[in-house]
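Engineer: Just passing along the structure, written as structure tokens.
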Amino acid sequence: MALDFSQLGLDNRIINAISELGYRTPTPVQEKVIPELLVTGNDMVCLAQTGTGKTAAFGLPILQKTDTATFITQSLVLAPTRELARQISQDLTNYGRNFQNLKIVPVYGGAGIDAQIRLLKKGAQIIVATPGRIIDLVERGAADLSSVKTLILDEADEMLNMGFKDELDTILESLPADRQTLLFSATLPKEVEKIARTYMKDPRIIQIGARNSGTKNVQHFYFTVHAKDRYSALKRLVDYNPDIYGIIFCRTRQETQEIADSLIKDGYDADSLHGELSQMQRDLVMKRFKEKSLKLLVATDVAARGIDVNNLSHVINYNLPDEIEQYTHRSGRTGRADKSGVSYAIINTKEKHKIKKIEKAAGITFTAARIPNGDEVCERQLAYLIEQIDNTPVSPEIDAFLPAVTEKWASLSKEDIIKKVLSIEFNRFIEYYRYSRELNIPDEKENSQQTLKTEKGFSWIRLNIGSRHNITVRHIIRLMVSCGLGKKGIGKIELRKDQVFVSVAERAAGYLVQELNGSTYRGRKLKAEHVNNV
Ligand code: AMP
């Protein structure tokens, strides 16, 4: 049976605060870490992904152990970014809301130092800091870390990725030797192991989920397209998921800005988050994203660190990250706190090996998926629109206007009215997708024409229908026969997921392609082509 928080040894001030936040049962990392931290001063390395509840895992015990009779700094939490530092500080403040005299101060770069100095001067039992800024504050005499009892390195792998190695060395060397060190990391690269070996005393290693693995409740999909089609593919994925609330990861600030600008221009609720924005701009973007007035946040890895937004439906890798571990961080932004999530990667054919590498390093499996075609997007949008209409409450005030409207529309049939109402929203999709192209590059296996042996007197044609469209070999035979081909003119049929290769009498091949191309079969517009290079 699941434990509850009181069984972990937490006191009522904390239990009441977290139950007000809606925490009912501890997450696995909390179950393992909280009781141990409450009773021992041992060092600990905890491998846990973002979203597993690790802030409360270290936060609740350090709060309970804080001596609020003094304002001396007792705990230092280091985090890679200002967003994460602020988030942790906010979480700790929420958890400690029933404590008298509790002072938690976040300090981070990219914001004025004077205000932070003023806050620190008033005392802080807990400081949550980015590494560079805390060193600066210590050097200016504003922070005193000489009595720190517990040091927490949160997202240690990320701090090293961001180049904070020297700063971490400086801080780790300068803190009291008898302190407790807790290191949290999603992954355990060599550099993190080295920190643990050099600066920690016989740390207990706690692993939540598989080592280096992505969050379990995230499904990973990749889509193979030509590099030039990346943006069109992104739009289709977004259009195919009308309820999307997600982050689109780009590799550079420039790409982030460009993609966000294009999405905005194309009418999406999107904006960018990257390091070139001022703190005020970033705060505003985050506020809008949290309120969901922004549905899509286009971000660099660095800017997205520490964003604590729950309920993200999707993470989209517009480009895969250069560092494989980054992928774990990115996809960990969805599927948080036991909710399910989806991570998409848009790749080109040359990047397939990266998918393999990530699968191996992160212990996850990707599913190859296809970018939906225009018809599929429109179908999905229509279903969504109908659902929205179904769910729209009708206010009684509308009755008063009804007679005038009924009179105006007297000549229209019910069907005409339905069509017009749907068209208000739907026209833009129909227009946009009217001449939409196929964006997918079939998987090598899916496209492996070389496995198709040409029979004498026959040649292969390819059609864009397959088992995915509920097409069977029998359907194909009937289709060929309906085009006037005799049974003897039909050779092998190779049915794939998205396509079918049909070996047909050589003489008939040209005619068949002409006949089939552009025709409709079982509701689908056919593309037929000769396959020469078999
Ligand atoms: P973290 O991994 O600390 O960033 O936590 C991820 C999210 O889960 C945060 O929004 C927390 O507020 C939430 N959370 C943490 N612990 C629990 C819990 N025991 N029950 C419900 N939600 C939690």
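The values are calculated or read from the model by the stated rules, or taken from the named source; none is laboratory data. As the structure is a computational prediction, the values presented were derived from the model and not from experiment. Backbone-built Cβ (ideal geometry, glycine too); neighbour counts: all protein chains shown. These accessible areas exclude ligands, DNA and RNA; they are computed on the full protein's heavy atoms, side chains included. Shrake-Rupley method; radii C 1.70, N 1.55, O 1.52, S 1.80 Å.
Engineer: For region 46-192, calculate the relative contact order in percent as a whole number, restricting contacts to Cα pairs under 8 Å that are 6 or more residues apart. Each step should come with its number before you reach the end.
Structural biologist: Numbers: 248 pairs, mean separation 46.6, N = 147.
Once normalised by length, the contact order is 32 percent.
Engineer: Under 5 Å between amide H atoms, partner at least 5 residues away or on a different chain: which partners does Gln207 have, H built in plane at 1.01 Å?
Structural biologist: Long-range HN contacts for Gln207: Leu47.
Engineer: For Lys356 and Glu438, calculate 0.36 nm times their separation in residues minus their Cα-Cα distance, and state this gained length in nm to one decimal. Walk me through the intermediate numbers first.
Structural biologist: Working: separation 82, 0.36 × 82 = 29.52 nm, distance 2.48 nm.
Fully extending the segment from Lys356 to Glu438 adds 27.0 nm.
Engineer: Which angle between 0 and 90 degrees, to the nearest 10, do you get for helix 414-433 versus the longest principal axis of the chain when only C-alpha atoms count?
Structural biologist: On a 0 to 90 degree scale, this one is about 70.
Engineer: Something else: Any chance you could run the full-extension gain for Lys487 through Glu291? It's 0.36 nm times the residue separation minus the Cα-Cα distance, nm to one decimal. Mind showing how you got there, number by number?
Structural biologist: Working: separation 196, 0.36 × 196 = 70.56 nm, distance 6.23 nm.
64.3 nm is the gain from fully extending Lys487 to Glu291.
Engineer: Still on this structure: Going Cα to Cα from Lys453, which aspartates and glutamates come in below 15 Å? Please leave out same-chain ones fewer than 8 positions away.
Structural biologist: Within the straight-line cut-off, Lys453 pairs with Glu494, Glu506.
Engineer: On a 0 to 90° scale, report how tilted helix 190-199 is relative to the longest principal axis of the chain, with both axes built from alpha carbons and the result rounded to the nearest 10.
Structural biologist: Helix 190-199 sits roughly 10 degrees off the main axis of the chain.
Engineer: At 1.4 Å probe size, put Val138, Val39 in order of accessible surface, largest to smallest. Don't skip to the end; give the middle numbers.
Structural biologist: On the way: Val138 65, Val39 120 Å².
Per-residue accessible area, sorted high to low, gives Val39, Val138.
Engineer: Over region 399-534, what relative contact order in percent results from Cα pairs under 8 Å that are six or more residues apart?
Structural biologist: Working: 144 pairs, mean separation 35.5, N = 136.
Here the relative contact order equals 26 percent.
Engineer: Then there's this: So what are the ³J(HN,Hα) numbers for region 67-84, from phi and the Karplus equation (6.51, -1.76, 1.60; θ = phi - 60°), rounded to whole Hz, Gly and Pro as x?
Structural biologist: Using θ = phi - 60°, the values come out as 8, 8, 6, 10, 9, 4, 6, 10, 10, 10, 10, 9, 9, x, 10, 5, 4, 5 Hz.
Engineer: While we're looking at this one, here's another question. Once Rh for region 345-472 is found with the Kirkwood sum over Cα pairs, what is the Stokes-Einstein diffusion coefficient at 37 °C and 0.692 mPa s, in µm²/s? Please report the intermediate quantities before stating the final value.
Structural biologist: On the way: Rh = 20.2 Å.
In µm²/s, the coefficient is 163.
Engineer: So, one more: Would you compute, from DSSP H runs of 4+ residues alone, the mean residue ellipticity of the chain at 222 nm, taking -39500 (n - 2.57) per run and dividing by the full residue count, rounded to the nearest 500?
Structural biologist: Numbers: 20 runs with 216 residues, N = 534.
It comes out at -12000 deg cm²/dmol, rounded to the nearest 500.
Engineer: What ranking of Ser503, Ser146 comes out by heavy-atom accessible area, probe 1.4 Å, highest first? Intermediate results must be reported in sequence, preceding the final value.
Structural biologist: Details: Ser503 0, Ser146 80 Å².
Heavy-atom accessible area, descending, gives Ser146, Ser503.
Engineer: Given a Förster distance of 41 Å, report the FRET efficiency between Thr70 and Thr25 from their Cβ-Cβ distance, rounded to the nearest 0.05. All intermediate terms of the calculation are to be shown ahead of the outcome.
Structural biologist: Working: r = 34 Å, r/R0 = 0.83.
Rounded to the nearest 0.05, the efficiency is 0.75.
Engineer: Which far-off residues, 5 or more places away or on another chain, put their amide H under 5 Å from the one on Arg496, with H placed in the peptide plane?
Structural biologist: Ser467, Phe501
Engineer: How large is the convex hull of the C-alpha atoms of region 183-304 per residue, in Å³?
Structural biologist: Numbers: hull volume 20.7 nm³, N = 122.
So the per-residue hull volume is 170 Å³.
Engineer: Nearest 10 degrees is fine. How inclined is helix 279-290 to the longest principal axis of the chain, computing both from alpha carbons?
Structural biologist: Around 60 degrees separate the two axes.
Engineer: While we're looking at this one, here's another question. Expressed as a whole percentage, what fraction of the accessible surface of region 75-221 belongs to carbon and sulfur atoms when a 1.4 Å probe is rolled over the protein heavy atoms?
Structural biologist: Values: 2900 of 6190 Å².
About 47 percent, which is the carbon plus sulfur part of the accessible surface.
Engineer: Counting only DSSP beta bridges with both residues in the chain, what percent are antiparallel, rounded to the nearest 5?
Structural biologist: On the way: 17 of 68 bridges.
Beta bridges within the chain, antiparallel portion: roughly 25 percent.
Engineer: At 0.36 nm per residue, minus the direct Cα-Cα distance, what do Ile117 and Ala410 gain on full extension? Give it in nm, one decimal, please. Display every interim value, and only then the final one.
Structural biologist: Numbers: separation 293, 0.36 × 293 = 105.48 nm, distance 7.20 nm.
Length gained between Ile117 and Ala410: 98.3 nm.
Engineer: Which ³J(HN,Hα) values in Hz, rounded to whole numbers, follow from the phi angles of region 39-52 under the Karplus curve 6.51 cos²θ - 1.76 cosθ + 1.60, where θ = phi - 60° and Gly and Pro get x?
Structural biologist: Using θ = phi - 60°, the values come out as 10, 10, x, 6, 6, 8, 10, 10, 8, 9, 6, 5, x, 8 Hz.
Engineer: Right, another one. Dividing the Cα radius of gyration by the Kirkwood radius, what Rg/Rh value follows for the chain? Show your work: numbers first, answer last.
Structural biologist: Details: Rg = 29.2 Å, Rh = 26.9 Å.
That ratio is 1.08, to two decimals.
Engineer: Which value, in debye to the nearest 20, gives the size of the charge dipole of region 229-338 about its Cα centre, when Lys and Arg are +1 and Asp and Glu are -1 at the Cβ? Numbers along the way, then the final one.
Structural biologist: Values: 16 positive and 18 negative charges, 43 e Å.
It comes to approximately 200 debye.
Engineer: Quick one: give the max-minus-min coordinate of the C-alpha atoms of region 35-156 along each principal axis, largest first, in Å.
Structural biologist: Reported extents, whole Å, longest axis first: 38, 32, 25.
Engineer: Which residues' amide hydrogens lie under 5 Å from the amide hydrogen of Leu78, considering only partners 5 or more residues apart or on another chain, with H built in the peptide plane?
Structural biologist: Correct list: Ala129, Ile152, Leu153, Asp154.
Engineer: Just to make sure I understand: if all protein chains stay in place, what is the order of Leu284, Leu479 by accessible area at 1.4 Å, largest first? Kindly include the intermediate steps, with their values, before the conclusion.
Structural biologist: Numbers: Leu284 105, Leu479 15 Å².
Highest to lowest solvent-accessible surface, that is Leu284, Leu479.
Engineer: Here's another thing I want to ask about it. Along region 395-409, what does the Karplus equation 6.51 cos²θ - 1.76 cosθ + 1.60 (θ = phi - 60°) give for ³J(HN,Hα), rounded to whole Hz, x for Gly and Pro?
Structural biologist: Using θ = phi - 60°, the values come out as 8, x, 4, 5, 4, 5, 8, 4, x, 5, 5, 4, 5, 4, 9 Hz.
Engineer: Further, regarding this structure: For the chain, with every protein chain kept in place, what is the accessible area per residue (1.4 Å probe, Å²)? Could the numbers behind the result be given before it?
Structural biologist: Values: 26380 Å² over 534 residues.
Normalised by residue count, the accessible surface of the chain is 49 Å².
Engineer: Please report the spacing between the Cα centers of region 110-189 and region 295-320 in Å, no decimals.
Structural biologist: Here the two parts' Cα centres lie 26 Å apart.
Engineer: Which of rounded, prolate, oblate describes region 1-95, given a ≥ b ≥ c as roots of the alpha-carbon gyration tensor eigenvalues and a/c under 1.5 marking rounded, otherwise prolate only if a/b is larger than b/c?
Structural biologist: Values: a/c = 1.31, a/b = 1.16, b/c = 1.12.
It comes out rounded by the Cα gyration axes.
Engineer: Computed FRET efficiency, Cβ-Cβ of Thr367 and Ser278, R0 41 Å: what is it to the nearest 0.05? Before the final figure, lay out the partial values.
Structural biologist: Values: r = 40 Å, r/R0 = 0.98.
Efficiency for this residue pair is about 0.55.
Engineer: Okay, moving on. Strictly over 32 Å apart at the Cα level, which of Lys235/Lys497; Lys54/Lys350; Lys32/Lys360; Lys357/Lys527 would you flag in this model?
Structural biologist: As for pairs spanning more than 32 Å Cα to Cα, those are Lys54/Lys350; Lys357/Lys527.
Engineer: Quick one: net charge of Val473's neighbours, Cβ under 12 Å, K/R +1, D/E -1?
Structural biologist: Numbers: positive: Arg474, Arg478, Lys492, Arg496; negative: Glu494.
My count for the surroundings of Val473 gives +3.
Engineer: Turning to a different aspect of this structure: With an 8 Å cut-off on Cα pairs and a minimum separation of 6 or more residues, tell me the relative contact order of the chain in percent.
Structural biologist: Numbers: 904 pairs, mean separation 67.6, N = 534.
So the answer I get is 13 percent.
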